[in-house]
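Single-structure report; data block below.
The values are calculated or read from the model by the stated rules, or taken from the named source; none is laboratory data. Please read these numbers as outputs of a predicted model, since none were measured by experiment. Cβ atoms come from the backbone with ideal geometry, glycine included; neighbour counts cover every protein chain shown.
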Amino acid sequence: MPKKPSKPHDEFFKATFSRVKVAREYLQKMLSPALLQLLDLKKLNRVNGSYVSPTLREFFTDVVYECPLKNSELKICISILFEHKSSPEKYPHFQLLRYMLDAWEEQIKQKVTLTPFVPTIIYHGEDNWVKRDLSTYFSEQIPTGLLPYLPSFDYHFTHVTAMSDEEILSLGKSLLTNAFLMMKHIWEPDFVLQNPRLIFINLDEISSPRAFIFTMLAYFLKNSELAKEKIQHFIEILPKTLNETIMSTYDMLIEEGIEKGLKINQELLAKERMRAEEERMRAEEERMRAEEERMRAEEERMRAEEERMRAEEERMRAEEEHQKAEEERLRLDNVIVYLHNVAQMPIIEIASMTEREIAYIEALVLKKNEEE
């Protein structure tokens, strides 16, 4: 494998995995089901900055995301770390532990809640990386009773180069697939030249982000020393829509120089991010408007319900008043009948006493007598 400087690989890694969509696809495809069922990846959010200290720069480049747990206010940090070295790191736990300690110390300084970390390493060297427990770094004769005194944590690991093309393609139609294919074959420029449709699969669609295509081509060019004729032939055999995009990208890179071209690409990427952020803000505004409308409708419903309850209370009060009046009338009617039939009081006196019309008393007495 040719020895290349790490910077172009870092640039491609950061440009790719800084895209929330790519990071989410990576985590969905690569993390264990047990961990995935805890995470609310729909709310995955990129964290600005890096926790890679000067001491760790020779080992890693990182992109950090914050992710809430489902049905919980607790958030965790997911660090996607790119392994610089083209050969396996013998003691990765030590670098990861130093990385997490640096992050937690920074959180302590900032006086924010400490968050658990899920470190995940992406490696694209050719040499095999054997993932093992931290305890195996020590003597095989270490007593079991000493194990509780050793740090114990895990990390997720992806060896891109060890994945077959079929495994990568099985990830589905996504930018992650294109990124992994390019990362795997970046050490084989002739393979990339002979298989452009594989490397740039599905990027001929209109919806494909131009900045990502730019990043892919710039990464390839910076890691290979190829004649212009070879590059042009490589571009010509691509699908027409992709051919036109990549040719204009290539012309810009050649005209402006790769470094300046990459700067332009960063501007394109920034514009893409701004458009995505504007779209997110518009969606959030729509959600807030819908929520306000729902709350207004709920308030209207509650007001209508309160009005209905007041009307019902009024009706019940009126019913009670009517019932009381009816009970009072019956009581007074019984008194009138008693005064006339039992006490033999003249009707005119009863009318004066009860404030009832004489005709009403006569009709009442007649009705009662008939009923009896």
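Per-residue answers, yes or no, for (1) in the same structural domain as Ser18 (by TED's automatic domain parsing); (2) under 30 Å from Pro92 (Cα atoms):
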residue: Pro143; (1), (2): no, yes
residue: Thr161; (1), (2): yes, yes
residue: His185; (1), (2): no, yes
residue: Pro189; (1), (2): no, yes
residue: Gln194; (1), (2): no, no
residue: Leu198; (1), (2): no, no
residue: Arg210; (1), (2): no, no
residue: Met216; (1), (2): no, yes
residue: Glu225; (1), (2): no, no
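Per-residue answers, yes or no, for (1) aliphatic (A, V, I, L, M); (2) farther than 20 Å from Lys29 by Cα:
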residue	(1), (2)
Ser174	no, no
Asn178	no, no
Trp187	no, yes
Asp190	no, yes
Ser207	no, yes
Phe212	no, yes
Ala218	yes, yes
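Restricting attention to region 203-245 and to residues that are among the aliphatic types (A, V, I, L, M), more than 19 Å from Ala15 (Cβ to Cβ) and not in a helix (DSSP H, G or I), the residue that is farthest from the chain's Cα centre (by Cα) turns out to be Ala227.
Looking at this structure, is Asp190 surrounded by fewer than 16 Cβ atoms within 10 Å (Cβ to Cβ), in contact (Cβ under 8 Å) with a residue 12 or more places away in the chain and closer than 24 Å to Asn223 by Cα? The answer is no for Asp190.
Within the span defined as region 159-178, one or more residues are assigned to a loop (DSSP other than H, G, I, E, B), farther than 17 Å from Phe12 by Cβ and charged (D, E, K, R). Filtered by the rule that a residue be more than 13 Å from Tyr51 (Cβ to Cβ) and crowded, with 16+ Cβ neighbours inside 10 Å, region 89-117 gives Glu89, Pro92, His93. Of the residues in region 107-132, how many are part of a loop (DSSP other than H, G, I, E, B) and in contact (Cβ under 8 Å) with a residue 12 or more places away in the chain? Within region 107-132, residues that are part of a loop (DSSP other than H, G, I, E, B) and in contact (Cβ under 8 Å) with a residue 12 or more places away in the chain number 10. Of the candidates Tyr155, Tyr137, Tyr91, the single residue that is on the phi < 0 side of the Ramachandran plot, under 26 Å from the mean Cα position of the chain (by Cα) and in contact (Cβ under 8 Å) with a residue 40 or more places away in the chain is Tyr155.
Evaluate the following for Leu69: is it more than 23 Å from Thr16 (Cα to Cα), in contact with a Lys or Arg (Cβ under 8 Å, 6 or more places away or on another chain) and at pLDDT 90 or above?
Yes: the conditions hold for Leu69.
The numbered conditions (1) surrounded by fewer than 10 Cβ atoms within 10 Å (Cβ to Cβ); (2) touching a Leu at 6+ places or on another chain (Cβ under 9 Å) are all true for Gln344 except (2). Among residues belonging to region 53-77 that are on the phi < 0 side of the Ramachandran plot and in a loop (DSSP other than H, G, I, E, B), point out the one that is surrounded by the most Cβ atoms within 10 Å (Cβ to Cβ). Looking at residues that are on the phi < 0 side of the Ramachandran plot and in a loop (DSSP other than H, G, I, E, B), I get Phe59.
Output the residues belonging to region 341-372 that are outside any loop (DSSP other than H, G, I, E, B) and of a type in the set (Val, Ile, Thr). Spell out how you get there, then give the answer.
Of the residues in region 341-372, the ones outside any loop (DSSP other than H, G, I, E, B) are 341, 347-354, 358-371.
Passing the criteria: Ile347, Ile348, Ile350, Thr354, Ile358, Ile361, Val365.
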